[in-house]
Structure formats: C-alpha cells, structure tokens
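A quick write-up on the structure given underneath.
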Amino acid sequence: MEVGLDRRRLLQAVAASGLVATTPTGSAATPAPVRSRAKIVVAGAGAAGLATASRLARRLDGAEIVLVDAKREHWYQPGFTLVAAGLKPERYVVSGTADYVPRDVTRVEEMVAAFDPEKRAVETSSGRRIGYDYLVVATGLVLDYGAIDGMDTDRIGENGLGSHYAGPDAAARTWAAMSRFADAGGEAVFGRPATEMKCAGAPLKYTFLTDDILRRRGNRSRSKLTYAAHSGALFSVPVVAEKVRMLFADRGVETRHHHVMTGIDIDRRIARYAAPTGETELGYDFINVIPPMRAPEPVRQSPLPWKDGSAWARDGWVEVDKHTMRHNRYPDVFTVGDVAGVPKGKTAASVKWQVPVAVDRLVADLAGEPCDSIYDGYTSCPLITKIGRAMLIEFNYDDNLTPSFPRVIAPLEELWISWVIKETALKLTYLAMLRGQA
Amino acid sequence: MQNFDPAMFVAVLDEMLGPLLWVLVVGSIVATLAFLWLLIRDRGLVSRRFVVSELVGVAGGFGAVLFMQLITHSGLSDVGGPVDWLLVVLIWLIGTVGTTVVVYDLWGLWAGRRALLGDHA
Ligand SMILES: Cc1cc2nc3c(=O)[nH]c(=O)nc-3n(C[C@H](O)[C@H](O)[C@H](O)COP(=O)(O)OP(=O)(O)OC[C@H]3O[C@@H](n4cnc5c(N)ncnc54)[C@H](O)[C@@H]3O)c2cc1C
C-alpha cells in the first residue's frame, strides 16, 4: 500500500537525519565500509557532487576519491528566491565549498575541460589528465543568458531588470529592483524558458511573492502581472498546473501561453517572445528573466549526452538510466543532479534521493554484490504562494503526488506549516545532505 | 491514524531545529528534574506559586507562537488549514508548559535559597 511506501521513505529520512547516527541501533543506515582501492572522480562540487563525495567517503575504505571543481564559494540556490524577496540577506546563501569536503577526499581546484569515457579519464583546465575506475558527473547546468538577445547580467537591478537565478548578488539586486517597483506599481512580467530548468516552481513562486509584496505596499490595484508560460501549462504535473491556474486567477495574474522569451531591450523595457502569432513584445516596469538552461560545454562536447536527436540531446543532458542514474553506454559513469538527462526534478530535493541510489550502485559494484536501489523520480517543490504560506508539493516520474505527510499536510493547500518547513527546515536538510548525513 | 508515526514528529523537529532540538530536550529534562525535586522538597505543590507560574506560562505560550511567526516572517492571518491550527496549539502548549515549569522552578529554587540564608542568619 501507498502508506507503506510513505512510511519507508519517512523511516529512511529519520535514519538519515543524523538522529540515528548517534545511536547504535541505527547501524542499518550505515553499513560497514567496503574496502576498495578504486579511484573515483567526482566532476563538480555543488549540491550533488558534495553529497556524493561525502557519502562515498563514508561507505568506502581505502578508495581514492577526487573531487574536481574550481568553484570556491558554495551557493545554497533554493535560498535565492528568499533573497530576491527581501526575506533573507545575501550571506544566507553563500558559504565555502571547503566546509563540506570530507577530510579523505582529494580536491582539485580546476574545472573539467574534457571527458574521455572511452579511455576512462578526464582532463582539467590546466591540461592535467586524471584517470578513473568510476566517474560521477555532477557539473550542474549553465544559464544560457547569451541566448536572450540584448540581455546583460551586469545590468540586473537596473531599470526594472531582475533575474534571481544568476547568483546571490543578482538575487539581491533583483530584490532592489522589485522593491522599487513595488513602491510605485506598474506592469510586471514573469516567465520561464522552454528548455529543461532547475526548480520549475521558482518562477511561479517569484510571481506570487511579487503579488504579495505589491498588496502589502498597497499598490496591487495599480499593477498588472503577466506570466509568460513556454507551453500550454503552468507546471509539468497536471494536477499542480491546474491548482496554479486557479491561484493565478484568484490573484489576478494574467497568463500568456506558448510564449518563449527571445530578446530584451533593457533601456526601453521591452521583452520579446516567440509566440504562436509570431514575434510578440511585452512592455514592463519590472521583469524577472529566467534564461534557457543547458549542460556545461565540456559535457556537451563529450560522448556522454543523449544521442537520439531530441531536445535533450541538443542541450547536452547526460544519457542515464532514470532509475539507477547509471550511464546507458558507459557503465562506470554515474550522473547525478541537474546535468542528468532524466525527466523532471532538477532540484536539490531530487539530488537528495538520486545520490544514495548512485552511491549504493557504485559501492555494490566494488563489493561485487547485487543492488536494488531505485530512484523513482521523487522531487519536491515548496511552492510559495505568499509570504507566510506555501504548498508542500512532492511528486515522482509518474506525475503522482507523493506527500511525506499524507492526510496531515495537504499538498495542494496553501498552508502556514508548509511555509514554516520551507523557511526553517529545508536549509538544514540541505546542509546535512552535503555532509552525507541525509 | 495508522500512519501517525511519532518518529515523523521527531524527524520534522530535528530538521526544523537542528542542534537546538537537543539543547531544548536537555533543558526540558533538567527543568523537569528540578520540578520533581521541588515537589519532594516542598512535600507537594506550593499552590500559590503554581497558579502564578501558570499565569506567566499562558503568556509564555503566546510568546512562543509570536516568536515562531517572527522568525518565519509570518503572521496569524497566514494560519490556514486545520493542521496549521494544530501547529499553533502545539507551539502554544509547549510554550505554556515550558514557561510554567521554568518559572515554578526558578521561584522554588530562589525561595529555597532565601529560606537557607534565613536559617543561617
Ligand atoms: C533560484 C533557484 C531556486 C531553487 N529552488 C529550489 C527549491 O526550492 N528546492 C529545491 O530542491 N531545489 C531548488 N533549486 C535547485 C537546486 O539548487 C539545484 O537543483 C541543485 O543545486 C543541483 O545540484 P547540482 O550539484 O546538480 O548543481 P550545482 O549545485 O549548481 O553545482 C554544480 C557544480 O558543478 C561545477 N561545475 C560546472 N562545470 C564544471 C566542470 N566542467 N568541471 C567541474 N565542475 C564543474 C560548478 O562550479 C558547481 O559547483 C533552485 C535553484 C535556483 C537557481
């Protein structure tokens, strides 16, 4: 029964929450380390790479784990939305990568410039070749601002231009622009790209937050909010899309379907879209630009992405089995996080459930044992609908809602408790995940 | 309520409060022990002291709810479905009981110290 599954996930969560780590009864959650001399390269030290390295370090004894990433700052990206709404300071989302790297993991502070899965090696930006027995690709994705004609990330915060995805500083500058807009009211434009994207709920959350802040400042009646959706729906999960449609109607947010942003005139405050009726323009006083997203260049240039001529292949998402996170053509390569070519779930919540599966499979390979760990596509999106309320939406590959607290916390209801969880619990869970504890 | 697992609450509290949870757990154990010790020392509940502690406790309950809303940038108008009210009542209860016990403890210990000093004088 469904209840049994929920309970299992919950017990896993309890076991992983660190509670059990301090009590000997919890040993089932952390089996004895497997002895191995394998060399494992983890490419990328963001949410997925750090969580993978931490877990591998706990599960293996004697293996050489090499974490390759030049980035020194760690960004807690789910917090960007709160920063861009003036609810948290910029420092809330910034920490150091080194804080989360386990002692016995070797760090290489360079980027991977090329992947050579045929010869089982990666090459770094300085030209160094690092061979491996196993590779975990966790490079995340790149924001392709260049694909929006006229866009200039240096000007975020200026003249009503926001883009809260670009980084902590951009999120803070987006807040400055949005706050100025909310003081006067006017026309605000939101939207999302037509590519796969991380946290597909974030553009919607930001629309709701802007609506709420306008109301708090008494300027909602003077304002018009428009959401440009790339497709015919507001969210990929039909039951959620329908709920958001109703909420947008309730809040008076106008929706333009099948509008894909192609360009922007920052000085004249005009956004351009490819729409069913041809090119369309929308004028704005405030806009939150969310660019197309693709796999990083070295991944796209490698043999790793899908080769089936699909949109996924074009954007370079890595070809993996969606239940095991193992590469379909290179069995010694696993891929976790945003760069993985799986349906749905480019979120930190998916990372939390993908990483244990990939690590279980990799460790089982080394131990020469079978493994039945499966990732079912679980992801979650605490969809903020105003400051103080959210919907705790969780779902899987099959578009089924998979609430952690069935019959207690209703997923499609705007609740204070869901907001409280989003504001207080999620960052702690995320940090525990980076350390391999959750 | 077959899926109402106490472990669920512990998991949620642990996620919400992190290490603070254990500080609170240890704190409440100490406060409870002090309360029991006072019961033994005073051979029962000193009723006047307890009633006043309870009154302060009720205020402490409201304080706890306000504190939770303050740290989460929210207000009473955000409380929506039944589960939200459950959370409010839960936080209020914890605040009330906690404050009552702590006030009673402090008062009892202070009164005891005065009595002791009085003995020596
Ligand atoms: C605004 C916003 C809101 C979000 N909200 C939520 C939310 O509410 N809930 C949720 O669960 N998720 C949310 N997310 C998504 C979440 O942050 C990501 O899904 C998660 O960070 C993915 O982890 P990752 O490791 O795949 O990528 P990242 O964390 O982005 O890390 C990728 C790392 O790879 C490195 N890298 C890149 N190229 C190379 C290379 N060639 N060689 C070596 N290293 C490389 C980068 O330097 C980086 O350190 C949000 C994201 C954004 C931007």
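The values are calculated or read from the model by the stated rules, or taken from the named source; none is laboratory data. None of these values were measured; they are calculated from a predicted model. Counting neighbours? That spans all protein chains shown, and the Cβs are built from the backbone with ideal geometry, glycine included. These area figures cover heavy atoms from the full protein model, side chains too; ligands, DNA and RNA do not enter into them. Shrake-Rupley method; radii C 1.70, N 1.55, O 1.52, S 1.80 Å.
Values as computed for the structure displayed
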| read-out | value |
| --- | --- |
| Trypsin sites (Lys or Arg not before Pro) restricted to DSSP loop in the range B:24-65 with at most 11 other C-beta within 10 Å | B:R43 |
| Mean shadow area of the protein assembly as shown over all directions, Cα convex hull, nm² | 31.2 |
| In the range A:260-339, the trypsin sites (Lys or Arg not before Pro) that fall in loop regions by DSSP, at most 16 other Cβ within 10 Å | A:R268, A:K307, A:R329 |
| Which listed pairs, of A:K88/A:K224; A:K198/A:K322; A:K243/A:K344; A:K71/A:K344; A:K39/A:K427; A:K224/A:K386, have C-alpha distances above 21 Å, in listed order | A:K88/A:K224; A:K71/A:K344; A:K39/A:K427 |
| Computed accessible area, A:V239, all protein chains, 1.4 angstrom probe, square angstrom | 60 |
| Nearby aspartates and glutamates by direct alpha-carbon distance to A:K205 (threshold 18 angstrom, same-chain neighbours under 8 apart not counted) | A:E187, A:E196, A:E242, A:D250, A:E254, A:E394, A:E413, A:E414, A:E423, B:D78 |
| Most to least accessible of B:M68, A:M111, A:M325 (protein chains only, probe 1.4 Å) | A:M111, B:M68, A:M325 |
| Helix-derived mean residue ellipticity, 222 nm - over chain A, DSSP H n ≥ 4, -39500 (n - 2.57), to 500 | -8500 deg cm²/dmol |
| Protein-only accessible surface order, largest first, of B:I29, A:I287 at 1.4 Å | B:I29, A:I287 |
| Debye log10 I(q)/I(0) for the range B:19-117, one point scatterer per Cα, at q = 0.10, 0.23 Å⁻¹ | -0.35, -1.18 |
| Per-residue SASA entry for A:M246, accessible area with 1.4 Å probe, Å² rounded to 10 | 100 |
| Loop trypsin sites (Lys or Arg not before Pro), the range A:114-170 (other Cβ atoms within 10 Å of the site Cβ: 11 or fewer; DSSP) | A:K119 |
| Along each principal axis, Cα extent of the range A:198-350, largest first, Å | 58, 31, 26 |
